[in-house]
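Trainee: Okay, handing you the structure first.
The values are calculated or read from the model by the stated rules, or taken from the named source; none is laboratory data. Note that this is a predicted model, so its numbers are computed, not measured. FYI the Cβ positions are ideal-geometry reconstructions off the backbone, even for glycines, and counts take in every protein chain you see. Only protein heavy atoms, including side chains, enter the accessible area calculation; ligands, DNA and RNA are left aside. Shrake-Rupley method; radii C 1.70, N 1.55, O 1.52, S 1.80 Å.
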There are 2 protein chains.
Amino acid sequence: MLPAYDLVYETYGTLNAAKSNAILVCHALSGNHHVAGTYADTPDSVGWWDNIIGPGRPLDTNRFFIVGVNNLGGCHGSTGPSSVNAATGKPWGAAFPMMAVVDWVRAQARLADLLGIDVWAAVVGGSLGGMQALRWAITFPERVRHSLVIAAAPKLTAQNIAFNDVARQAILSDPDFHGGHYYEHQTKPWRGLRLARMLGHITYLSDDQMGERFGRDLRGDGLKFGYDIEFEVESYLRHQGDKFADVFDANTYLLMTKALDYFDPARKTNGDLAAALSVARARFLVVAFTTDWRFAPARSREIVDALLRNGQDVSYAELGCDYGHDSFLMPDPTYHKLISTYMGTIQT
Amino acid sequence: MLPAYDLVYETYGTLNAAKSNAILVCHALSGNHHVAGTYADTPDSVGWWDNIIGPGRPLDTNRFFIVGVNNLGGCHGSTGPSSVNAATGKPWGAAFPMMAVVDWVRAQARLADLLGIDVWAAVVGGSLGGMQALRWAITFPERVRHSLVIAAAPKLTAQNIAFNDVARQAILSDPDFHGGHYYEHQTKPWRGLRLARMLGHITYLSDDQMGERFGRDLRGDGLKFGYDIEFEVESYLRHQGDKFADVFDANTYLLMTKALDYFDPARKTNGDLAAALSVARARFLVVAFTTDWRFAPARSREIVDALLRNGQDVSYAELGCDYGHDSFLMPDPTYHKLISTYMGTIQT
């Protein structure tokens with residue numbers, strides 16, 4: 001248990017007098033509270049979902065008051081494993097408590113209390129963020145009018161868990177991990193975190209998209225017959241891994257993947273997702289992408305089927321974006337039109 | 001260049017007087033020459049393709065003389081990175097030359113010369129072994145009567161290469177790798193090789209099969225909220241990684257994955273696979289498995305389409321086995337019946 005914690009958040013747009021236009025945007029594994037815009041003097045600091053959030057955009061900041069929050073356990077300002085534990089004067093490290101999606105949702109609810117927001121007009125998220133949007137509708141049914149669950153799944157498959165476990169083993173077996181207390185050793189499990197990200201990244205993209213973008217193109221002239229970069233896809237992937245390992249915290253990565261593995265809102269209803277969802281009062285928009293093999297459309301349809309069995313209000317779209325799981329981050333015109341249109345039905 | 005090399009091989013059955021009943025079985029990434037049977041006094045030492053090779057089995061040792069060979073660069077007896085370089089008195093390590101599939105095929109041809117086998121009745125292989133069967137038909141068209149190309153692809157996709165590169169990076173970035181000269185440091189990059197195998201293993205299985213076999217089953221009672229084994233699939237995967245890292249050589253793993261990446265028989269014909277295959281004189285049997293997402297049936301159909309465009313003799317089967325890429329190793333009755341029937345058409 002944490003005796004206290006900080007949550008860092010950002011807001012965009014203006015909360016109206018009735019406080020009826022607030023939208024919570026939940027982030028996925030590597031995201032944070034900085035969902036849109038740039039910081040003064042740092043034009044590179046574009047928020048991770050900037051293409052969908054802003055004046056006139058699908059999540060329109062002229063109409064809505066949008067809240068982005070860095071989840072508890074994160075590494076972008078909210079209390080997490082790299083934060084100092086006041087009781088010891090040292091970073092929490094491996095002693096930081098494990099998080100479940102419901103813990104994040106409860107912490108977000110406390111933030112809503114502080115902001116005076118009784119009811120979210122919508123809770124929106126993709127991937128792990130979509131799981132939070134789903135969990136909100138179950139845990140706080142009276143506080144969510146619309147739940148937008150994008151590129152998500154009601155629980156992970158064995159294959160999903162297996163990929164996460166390889167990523168975790170890469171970090172845990174890195175000699176620089178020091179049982180999670182690497183901060184005190186002035187090091188970090190950079191190699192392991194890099195591998196974890198490289199692996200994760202493959203699962204975010206579609207096979208076809210990688211084929212179109214990189215194919216078997218070589219980085220230089222001809223094959224070199226060595227272990228340096230030969231194929232363009234290797235260059236891309238290693239660069240993604242390097243960049244991520246430089247800035248992200250490995251303990252946060254570990255606990256985020258565990259929250260993914262644990263997520264299973266139907267656990268208490270013996271696997272009956274419809275029973276778990278029956279308490280929800282929100283209207284749902286569920287969105288899946290045909291090229292997403294990490295959380296394939298069939299997984300989204302499990303959510304839709306459960307809601308329909310209960311006679312609950314759900315819209316479902318299966319979109320043909322090319323970008324695999326990462327499609328939810330992309331400015332695809334059809335996808336954005338869909339979100340815009342749905343958001344237009346939400347009263348403020 | 002290697003000044004000389006050893007190849008270790010095993011044979012099963014009897015070579016007939018006409019030397020017309022010889023079959024070469026090519027191994028995949030982690031295979032070797034021990035394709036069938038057990039060694040005296042070690043009943044556990046069952047060959048990796050024992051279920052398909054033997055008296056009365058699809059590759060019937062009552063009819064055929066079957067040859068299994070450990071590829072050059074391997075770690076089961078043939079000259080490889082762990083062999084001593086006579087010029088230095090030390091293991092080759094990173095100085096061992098890179099191998100392409102065609103190098104293996106040429107070495108196998110020299111073995112055939114020594115055995116007095118001018119023409120193979122068939123060259124047979126699954127996965128990387130299937131690529132060798134394909135390459136044989138192109139490089140030595142007069143020496144192959146039948147080519148059985150199972151669960152293979154004419155070349156790797158960007159995604160395939162990406163998975164291989166993550167596996168390689170796991171090994172190359174392991175502090176115990178020592179630039180490939182770990183033998184001299186009395187250590188081995190065990191952690192990296194273990195990760196490589198865990199990752200590879202996920203791609204050998206189908207999502208559905210993992211779901212049926214492990215699902216979200218827990219290893220013990222309830223969630224433990226820690227990084228030890230929680231889910232059964234984690235236990236299985238880590239065990240596979242541990243076992244493999246104990247016995248396999250990391251440098252061999254590296255060069256085998258590179259041979260996979262490089263394989264592209266149509267490179268010299270500007271990507272025209274039909275042109276590359278046009279020299280072949282063999283009859284082909286191409287087999288794919290619907291649940292194989294590493295080398296999906298569409299990849300096998302590229303081979304079949306190219307052969308058909310040339311008017312060459314090819315049979316194609318797409319089988320519904322549940323075991324993903326690993327289906328080629330499984331004793332599925334339909335699969336075995338297919339191979340038996342095809343082998344029955346081969347004159348000896």
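Trainee: Only one of (1) closer than 26 Å to A:Asp103 by Cβ; (2) touching a Cys at 6+ places or on another chain (Cβ under 7 Å); (3) away from chain B (no Cβ under 14 Å) is not met by A:Thr252, so which one is it?
Mentor: (3)
Trainee: Turning to a different aspect of this structure: Could you figure out which of (1) touching a strand residue (DSSP E or B) at 6+ places or on another chain (Cβ under 8 Å); (2) open to solvent by 10 Å² or more (accessible area, probe 1.4 Å) isn't true of B:Val67?
Mentor: Status for B:Val67: all satisfied but (2).
Trainee: To continue, here is another question. Right, A:Val46: open to solvent by 30 Å² or more (accessible area, probe 1.4 Å), of a type in the set (A, V, I, L, M, F, W, C) and in contact with a Ser or Thr (Cβ under 8 Å, 6 or more places away or on another chain) or not? Quick ask: steps written out before the conclusion?
Mentor: Numbers: open to solvent by 30 Å² or more (accessible area, probe 1.4 Å): yes; of a type in the set (A, V, I, L, M, F, W, C): yes; in contact with a Ser or Thr (Cβ under 8 Å, 6 or more places away or on another chain): yes.
When the stated conditions are applied, A:Val46 passes them.
Trainee: Also: Mind checking whether some residue in the range A:267-274 is of a type in the set (Gly, Ala, Ser), part of a helix (DSSP H, G or I) and either free of Cβ contacts under 8 Å to residues at least 40 places away in the same chain or farther than 22 Å from A:Gly200 by Cα (or both)?
Mentor: Start the filter on the range A:267-274 by keeping residues that are of a type in the set (Gly, Ala, Ser), which leaves A:271, A:274.
Of the ones still in play, those that are also part of a helix (DSSP H, G or I) are A:274.
Of the ones still in play, those that are also either free of Cβ contacts under 8 Å to residues at least 40 places away in the same chain or farther than 22 Å from A:Gly200 by Cα (or both) are A:274.
Taking every residue of the range A:267-274 in turn, at least one turns out to be of a type in the set (Gly, Ala, Ser), part of a helix (DSSP H, G or I) and either free of Cβ contacts under 8 Å to residues at least 40 places away in the same chain or farther than 22 Å from A:Gly200 by Cα (or both).
Trainee: Right, something else. Of (1) crowded, with 18+ Cβ neighbours inside 10 Å; (2) within 11 Å of chain A (Cβ to nearest Cβ); (3) in a loop (DSSP other than H, G, I, E, B); (4) not polar (S, T, N, Q), B:Asp292 satisfies all except one. Which?
Mentor: (2)
Trainee: A further question follows. Looking at the range B:1-28 only, could you name the residues that are within 21 Å of the chain's Cα centre (by Cα) and open to solvent by 10 Å² or more (accessible area, probe 1.4 Å)?
Mentor: The answer is B:Tyr5, B:Asp6, B:Leu7, B:Val8, B:Tyr9, B:Glu10, B:Thr11, B:Tyr12, B:Ala28.
Trainee: If a residue must be of a type in the set (Val, Ile, Thr) and without any contact (Cβ under 8 Å) to a residue 40 or more places away in the chain, how many such residues does the range A:112-145 contain? Spell out the reasoning first.
Mentor: Pass one, the range A:112-145, residues of a type in the set (Val, Ile, Thr): A:117, A:119, A:123-124, A:138-139, A:144.
Now narrow it down to the ones that are without any contact (Cβ under 8 Å) to a residue 40 or more places away in the chain: A:139.
Qualifying residue count, the range A:112-145: 1.
Trainee: OK, next. Collect the residues in the range A:314-347 that are part of a loop (DSSP other than H, G, I, E, B) and surrounded by fewer than 14 Cβ atoms within 10 Å (Cβ to Cβ), keeping them in residue-number order. First the steps, then the outcome.
Mentor: Residues of the range A:314-347 that are part of a loop (DSSP other than H, G, I, E, B), as a first pass: A:320-323, A:330-332, A:345-347.
Answer for the range A:314-347, where residues must be part of a loop (DSSP other than H, G, I, E, B) and surrounded by fewer than 14 Cβ atoms within 10 Å (Cβ to Cβ): A:Gly320, A:Pro331, A:Thr345, A:Gln347.
Trainee: Which residues, taken from the range B:295-309, are more than 23 Å from A:Trp293 (Cα to Cα) and surrounded by fewer than 17 Cβ atoms within 10 Å (Cβ to Cβ)? Let's see the steps before the verdict.
Mentor: So in the range B:295-309, the residues more than 23 Å from A:Trp293 (Cα to Cα) come out as B:303-309.
B:Asp305, B:Leu308, B:Arg309, listed by residue number.
Trainee: If you scan the range B:155-177, which residues turn out to be in a loop (DSSP other than H, G, I, E, B) and either surrounded by fewer than 23 Cβ atoms within 10 Å (Cβ to Cβ) or among the aromatic types (Phe, Trp, Tyr) (or both)? Give the steps one after another, and end with the answer.
Mentor: Kept after step one, since they are in a loop (DSSP other than H, G, I, E, B), are these residues of the range B:155-177: B:155-157, B:173-174.
Matches in the range B:155-177: B:Lys155, B:Thr157, B:Ser173.
Trainee: Go through the range B:23-69 and count every residue that is over 18 Å from B:Tyr342 (Cα atoms) and either part of a loop (DSSP other than H, G, I, E, B) or among the basic types (Lys, Arg) (or both).
Mentor: The total comes to 21.
Trainee: Going by the conditions given, is A:Val144 facing another protein chain (nearest Cβ under 9 Å), open to solvent by less than 20 Å² (accessible area, probe 1.4 Å) and either aromatic (Phe, Trp, Tyr) or more than 16 Å from the chain's Cα centre (by Cα) (or both)? Lay out the reasoning, then the answer.
Mentor: On the way: facing another protein chain (nearest Cβ under 9 Å): no; open to solvent by less than 20 Å² (accessible area, probe 1.4 Å): yes; either aromatic (Phe, Trp, Tyr) or more than 16 Å from the chain's Cα centre (by Cα) (or both): yes.
No: the conditions fail for A:Val144.
Trainee: In the range B:165-181, what count of residues is obtained for those that are at the interface with chain A (Cβ under 7 Å from one of its Cβ atoms) and among the charged types (D, E, K, R)?
Mentor: Here is the first cut: in the range B:165-181, the residues at the interface with chain A (Cβ under 7 Å from one of its Cβ atoms) are B:165-166, B:168-170, B:172-173, B:175.
Among the residues that remain, those that are also among the charged types (D, E, K, R) are: B:165, B:168.
The qualifying residues number 2.
Trainee: All but one of (1) open to solvent by less than 50 Å² (accessible area, probe 1.4 Å); (2) more than 9 Å from chain B (Cβ to nearest Cβ); (3) farther than 15 Å from A:Phe248 by Cα hold for A:Glu184, so report the exception by its number.
Mentor: Among (1) open to solvent by less than 50 Å² (accessible area, probe 1.4 Å); (2) more than 9 Å from chain B (Cβ to nearest Cβ); (3) farther than 15 Å from A:Phe248 by Cα, A:Glu184 violates only (1).
Trainee: Pick from B:Gln209, B:Gln186: which is touching a helix residue (DSSP H, G or I) at 6+ places or on another chain (Cβ under 8 Å) and of a type outside the set (D, E, K, R)?
Mentor: Numbers: B:Gln186 fails: touching a helix residue (DSSP H, G or I) at 6+ places or on another chain (Cβ under 8 Å).
On inspection, the qualifying residue turns out to be B:Gln209.
Trainee: Checking B:Gly130 against (1) crowded, with 24+ Cβ neighbours inside 10 Å; (2) within 14 Å of chain A (Cβ to nearest Cβ); (3) not aliphatic (A, V, I, L, M), which test does it fail?
Mentor: Here B:Gly130 clears every test but (2).
Trainee: Which condition number in (1) at pLDDT 95 or above; (2) open to solvent by 60 Å² or more (accessible area, probe 1.4 Å) is the one that A:Ala40 fails?
Mentor: (1)
Trainee: Only residues that are at the interface with chain A (Cβ under 7 Å from one of its Cβ atoms) and open to solvent by less than 10 Å² (accessible area, probe 1.4 Å): list them for the range B:187-198, please.
Mentor: Within the range B:187-198, the subset at the interface with chain A (Cβ under 7 Å from one of its Cβ atoms) is B:191, B:195, B:198.
Selection gives B:Met198 alone.
Trainee: Just to verify a result, which residue in the range B:277-289, among those that are open to solvent by less than 10 Å² (accessible area, probe 1.4 Å) and outside any strand (DSSP E or B), is nearest to B:Val149 (Cα to Cα)?
Mentor: At the first step, the residues of the range B:277-289 found to be open to solvent by less than 10 Å² (accessible area, probe 1.4 Å) are B:277, B:280, B:282, B:284-289.
Retained after the next criterion (residues that are outside any strand (DSSP E or B)): B:277, B:280, B:282.
Working: B:Leu277: 13, B:Ala280: 14, B:Ala282: 12 Å.
The selected residue is B:Ala282.
Trainee: Take A:Gly125 and tell me if it is under 15 Å from the mean Cα position of the chain (by Cα), assigned to a helix (DSSP H, G or I), modelled with pLDDT of 95 or more and more than 14 Å from every other protein chain (Cβ to nearest Cβ). Give the derivation first.
Mentor: Working: under 15 Å from the mean Cα position of the chain (by Cα): yes; assigned to a helix (DSSP H, G or I): no; modelled with pLDDT of 95 or more: yes; more than 14 Å from every other protein chain (Cβ to nearest Cβ): yes.
Criteria not met by A:Gly125.
Trainee: Return the pairs, sorted by first residue and then second, in which the second residue is small (Gly, Ala, Ser) and not in a loop (DSSP other than H, G, I, E, B), the first residue lies in the range A:212-236 and is on the phi > 0 side of the Ramachandran plot and within 7 Å of chain B (Cβ to nearest Cβ), the beta carbons are less than 9 Å apart, and the residues are 6+ apart or on different chains.
Mentor: From the range A:212-236, the pairs are A:Gly215/B:Ala158.
Trainee: Is it the case that A:Phe263 is in contact with a Lys or Arg (Cβ under 7 Å, 6 or more places away or on another chain) and within 12 Å of another protein chain (Cβ to nearest Cβ)? Let's see the steps before the verdict.
Mentor: Working: in contact with a Lys or Arg (Cβ under 7 Å, 6 or more places away or on another chain): yes; within 12 Å of another protein chain (Cβ to nearest Cβ): yes.
Judged against the criteria, A:Phe263 is a match.
Trainee: Further, regarding this structure: Is at least one residue of the range A:43-63 of a type in the set (D, E, K, R) and at pLDDT below 95?
Mentor: yes
Trainee: Only one of these is farther than 26 Å from B:Arg299 by Cα and of a type in the set (Ser, Thr, Tyr): A:Tyr182, A:Tyr204. Name it. Before the answer, list the steps.
Mentor: On the way: A:Tyr204 fails: farther than 26 Å from B:Arg299 by Cα.
Exactly one of A:Tyr182, A:Tyr204 is farther than 26 Å from B:Arg299 by Cα and of a type in the set (Ser, Thr, Tyr), namely A:Tyr182.
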